[in-house]
Structure formats: structure tokens, C-alpha cells
1. Let me confirm something: among F:Ile74, F:Ile3, which residue is at pLDDT below 90, part of a strand (DSSP E or B) and more than 21 Å from E:Gly71 (Cα to Cα)?
2. Hey, can you tell me all the residues within the range B:77-91 that are out of contact with any Leu (no Cβ under 7 Å at 6 or more places or on another chain), assigned to a strand (DSSP E or B) and not aromatic (Phe, Trp, Tyr)?
3. What number of residues within the range G:56-75 satisfy the criterion of being more than 8 Å from every other protein chain (Cβ to nearest Cβ), surrounded by 14 or more Cβ atoms within 10 Å (Cβ to Cβ) and closer than 17 Å to A:Leu90 by Cβ?
4. Select from the range C:66-76 the residues that are in contact with a Leu (Cβ under 9 Å, 6 or more places away or on another chain) and more than 16 Å from C:Glu16 (Cβ to Cβ) and list them in ascending order.
5. Which numbered condition in (1) over 13 Å from the mean Cα position of the chain (by Cα); (2) assigned to a loop (DSSP other than H, G, I, E, B); (3) aliphatic (A, V, I, L, M); (4) modelled with pLDDT of 85 or more is the only one that C:Val58 fails?
6. Here is a check on your reading of the model: is F:Gly78 within 7 Å of chain E (Cβ to nearest Cβ) and free of Cβ contacts under 8 Å to residues at least 24 places away in the same chain?
7. Please tell me if C:Lys13 is modelled with pLDDT of 90 or more, more than 10 Å from chain B (Cβ to nearest Cβ) and not in a loop (DSSP other than H, G, I, E, B).
8. Would you please name the residue that is farthest from G:Val10 (Cα to Cα), looking only at residues in the range G:61-95 that are of a type in the set (A, V, I, L, M, F, W, C) and over 10 Å from the mean Cα position of the chain (by Cα)?
Amino acid sequence: MKIRPLADRVVIKKFEAEEKTASGIVLPTAAKEQPQMAEVIEVGPGGMVDGNEVKMEVKVGDKVIFSKYAGNEIKADGENYIILRQSDILAIVEL
Amino acid sequence: MKIRPLADRVVIKKFEAEEKTASGIVLPTAAKEQPQMAEVIEVGPGGMVDGNEVKMEVKVGDKVIFSKYAGNEIKADGENYIILRQSDILAIVEL
Amino acid sequence: MKIRPLADRVVIKKFEAEEKTASGIVLPTAAKEQPQMAEVIEVGPGGMVDGNEVKMEVKVGDKVIFSKYAGNEIKADGENYIILRQSDILAIVEL
Amino acid sequence: MKIRPLADRVVIKKFEAEEKTASGIVLPTAAKEQPQMAEVIEVGPGGMVDGNEVKMEVKVGDKVIFSKYAGNEIKADGENYIILRQSDILAIVEL
Amino acid sequence: MKIRPLADRVVIKKFEAEEKTASGIVLPTAAKEQPQMAEVIEVGPGGMVDGNEVKMEVKVGDKVIFSKYAGNEIKADGENYIILRQSDILAIVEL
Amino acid sequence: MKIRPLADRVVIKKFEAEEKTASGIVLPTAAKEQPQMAEVIEVGPGGMVDGNEVKMEVKVGDKVIFSKYAGNEIKADGENYIILRQSDILAIVEL
Amino acid sequence: MKIRPLADRVVIKKFEAEEKTASGIVLPTAAKEQPQMAEVIEVGPGGMVDGNEVKMEVKVGDKVIFSKYAGNEIKADGENYIILRQSDILAIVEL
């Protein structure tokens, strides 16, 4: 199944939260920090959005930091993804 | 009965929620996940919307992911449909 | 009495809710579904609305689906009408 | 005293609510329907409003239907008037 | 002390509420109607406001009706004034 | 330490509230009126703000009336300042 | 790890709150004032943001005052950063 986002939307996949803290203690799910980093899976074509020309700046494979709570969570082929607007992507991370 | 959406509106029909989970247990309605996928049934002509030119990117028969709670539910010929703006369609899915 | 809507406004008259369900039981008013279909009675001239040119797409006699709660209810010559903006009309229905 | 509304504003005077129902019963004030019809008393010059050119479409003496709760009530020479924007006038009525 | 309002702002001074009703009864302060009429004391130069050119239509000495609650109350030389935008002035009154 | 405000922002320093009322009674802090007058300390360069060209109209040393609650309070070198947008300055006062 | 902010975004690092007050008393964390000063770590390329051209005015190494609560906190390489829009930076400070 392939998801083709429309307009300025981007499909991302969140990085798994680390299972352990620095001290090696395994945390129960609720105590884990909400991850805010993700990999870009699909990128929309950009174009006119609300009357403004949007040029896509991220590309498939980019590691990105995104605005918590932004976008819509979807499930496809048993995996969780987020579809959000490029403007909800704050930065590209070079590891 | 034929529904011709105006402007940038699209008529979609939600996919039925799966009646069973992976383990084969039949779930009561309230426990089922709200489906967010639909098929495009009718597409408006696009044109000027709030002063911006909107070009329709989806077409009849497309499988789409749409923004939960977006649009208006209507019933026609005993079937349930949703009329929403194209901007509430997040992505086209190729199965 | 003739009502001439201004700008992009349209006067519509709601279809009566069906008095009986499929099984033939007459429902008390509160249990009836709020009808969302109506006939167009009068159409404004369109023109500049909030700085955007609006072209009227509906015409007198059209059967339309409109956004629930949109517009203002008025009573004229003992009949109930709704005055709403064309942008609150979702679709034209061909029966 | 003469009131000259600014920009796209219009001074209207509400029609008196009918003192009796069809059956001839005099209703106490609270039970009377809030009238939504009025006569245009003064019309502003129009012109640039929030960066958009507004052309006045109503004229003194027009009978109009206006949006309930819109505008500001004022009292002048012992009479009650409403000053509202032309965009809060829904339609002109020809009796 | 002279107050020079910026942009499309206007300094006004409210008319005193009448101390007596028509029947000659002196009302305690809380029962008096909030006055909505004022005299224009100073007028800003107009010009670009939020990207729109604003031309000042009121002048010093004008009697105006203004939108209740609009603007900021200030005290200068022991007198109370209101500074508001011209768009909060509804009409000019000719007594 | 020098504060250089960006865009259409202005650094102001509030006038101290008078320690005594006219009758010479010293008021506890909570009873004192919130001062709304200030002196301009630094002025930003203006320029494009949200797509609109902003020209700075206030200059260092101006006595101004500003919108209560507007802007951000900061502390620098033991002094309290407010940084606000020029549009939150209502008027220039000539004492 | 390098963070490249998109559009008009800026990565900043807050200055540590002073551990002692003027009198030399060490304050518990909750009583310390929320610092509002930061150093600019990375600067986005600017460009079209919501249809407006944004030119970046801050540069890496600038000491800035920023709007409390603005932006998103992130953690990278064990350090806390904030990513915010340049418009949430109030001023550049020259120490």
C-alpha cells in the first residue's frame, strides 16, 4: 500500500522511544518521553495551498523534528504513520 | 439520485470498519476503530474558493485518507456519504 | 412578499421531514431526523464578498444539500425559509 | 438629530412585533417573537472597509431582513435604532 | 498635556449620562444607561493599518456614536478619555 | 547592556505610579492604578511585518500611552522594561 | 547531530538561570525566574512563509530575548533547545 500525500502534506514515521533511560532502567510506557523525531516516508507535490505557493523542502529519508500533536495519525499495513503539513516540520536533523 | 458537489467539495463513502480484529474476535460497534479511509464518489468542479483558485487533485474512484470529523455526513438512497472540502483529504492511497 | 437576498446569499426552503419511517410508524417531531435538503427559492446577485468575486452557481428550483445550522431562519407569509451564503450549500442534487 | 453612519454601516429601525397572535391573544413581551425585519433609515457612504471596496446596495426606505444580534442598538430622540454593517443585512423584502 | 493618537486612532470624550430620567427622578449611578455618545478630541493621521490604507473620516469636534467596550480608557489631566480605532466609531451625529 | 528590538517592536519603560493620591494618602501597592504611560527607550527598524510594510512613528524619548497587557515584560540591568509592537502604542503624549 | 531549522525558524539555547539572588541566597528551582534570554544556535533560510517573504535578521551567536512559551522545546545530544519562529524573537541583546 502506497500513500501519496496531497498538496504540502508529508507522511512521517516516528522513531521508537528509547526503551531505557541513561541509567539502564526500563521505563513503563506512560513514563517514556513522547518522541518528536521521525523519518520522512512520503512527500506531497507542494503547489498552491490557501493561495500561497508552497515549495517542498523535505525529501524522503530525511530525519525531521515535528511539532508535537500536529497532523493526523494513520495506520497502514500494521504500521503507524503521521500525515502533517510541511509547515509542522520544524527542522531537518543530520545525525 | 446524483449528488453534484459545489466548488472544491468532494463526496466520499467510508470503507466499512473491519468486523473482526486480527485474532478473529468480533467487536461490538463502539470498540471498533473509526475508519478514516474512503472512496471518492463525486468531485466538485474546483474554481475560486475564498479568493484562491483550487484545482481538483482527486478523481472518482480514488481511495483516500481524510481528516476525521471533517465535512458533513449525509444520507442518500439509504447510503451514508460525507461531503468535505478537498483540503480535508490528506492523501490518496494506492492499494 | 418577495425576498431579494443580497450578495452571495440564497433563500432556500427545507423539504418536510418524512412523517413516517420505513416501517410506517409515525414519529413524534423530536425523533425525526433534521432534514438537510432544500429547494432554492431566491438567489442573490453574487459579486464582491469580503474582497473576493463570488459567482452564483445555484439557481431557483435547484434541490440542494446545505450545511446544518448554517444561515438564518426567517418566516414570511407563514412559511419558514433559510437565508444562507452560497458557500454553505454543499451540493446540488439531481433526483 | 441626524445620524450619519460611517463606511459600510446602515441605520435601521425594527418593525414593531405584532401585539397579537393569529388567534387574537395579546402576548406578554417575553413570548413575542424577536422581529428580524426593519426599515433602512440611513445608509453610510461605503468605500474601503478592511481593504475591500464596499458598494452600498440598500437605500433609505428599503425593508430589510437582518441578522439577529448583529450591530449595536442605539436610542435617539426616544426611538430605538440599530447600526449594523451592510453585510449583516441578509435580504431586501418587497411587500 | 496633548495626546496625539497614532495611525487610525481617535481620542474621544464621553458625554455625561443624564442625571435624571424623563420623569425627573434622579437615578443612582448603576441604573444609568451606559452612554455611547462622545465628542472627538483628537484624530490620528490615518495611513497604512494592517496593510490597508485608512483615511480619517471624523474630525475634532464631531459628535459620534461609538461601539460600547471598544478602545482603551485613559485619564489625563483629571479627565477620562477613550482611545479607539476609527472603525469602532459607528456614526457621526448632527444634533 | 543594549537591547535592539526586531522589526516593529519598541522597548518602553513604564512611568512609576504616583505614590500618593491627591489627598496625600500613601496607597499600598495593590490599590495603585496600573500606569499606562511610558517612555520609549529603543525603537526597532520597522520593515515587513506579516507581509505589511511598517514605518516606525515613535522615536526614543517619546512619552507614549500603550495598550495595557500588551507586550512582554523583561528585566535588564535591574530595570523593568516592556517590549511591544508599535501597533500596541496608542498615542504620543506631549506634556 | 546538527539541526537545520526550516523556513523562518531559529534554534536557540536558553541561558541558565542564575543560581543565586543578589543577596547570595541559593534558590530552589521553582522559585527561580524563568529565563527569557538565549543564544542563537542555528538559523533557518527564511523565504516564503504563509505567502510573505521573511528575511532572517538574527545570526548564529546572537544573544536574544524571546517570547516566553513560544516555540517547541527539543532535546538533542543531552542538551535542551527551543525551535521558534524568528517573529517570536523580540530583540537582540548587546552585552
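1. On the way: F:Ile3 fails: at pLDDT below 90.
Every option except F:Ile74 fails the conditions.
2. Residues satisfying the conditions are B:Glu79, B:Asn80, B:Ile82, B:Leu84, B:Arg85.
3. Matching residues across the range G:56-75 total 4.
4. C:Ser67, C:Ala70, C:Gly71, C:Asn72, C:Ile74
5. Looking at each condition in turn, C:Val58 falls short on (1).
6. Numbers: within 7 Å of chain E (Cβ to nearest Cβ): no; free of Cβ contacts under 8 Å to residues at least 24 places away in the same chain: yes.
So F:Gly78 fails the test.
7. So C:Lys13 passes the test.
8. Going through the qualifying residues, I end up with G:Leu95.
The values are calculated or read from the model by the stated rules, or taken from the named source; none is laboratory data. Computed from a predicted model, the values in this text were never measured in an experiment. Quick reminder, even Gly has a Cβ in these numbers, built from the backbone with ideal geometry, and neighbours come from all protein chains shown.
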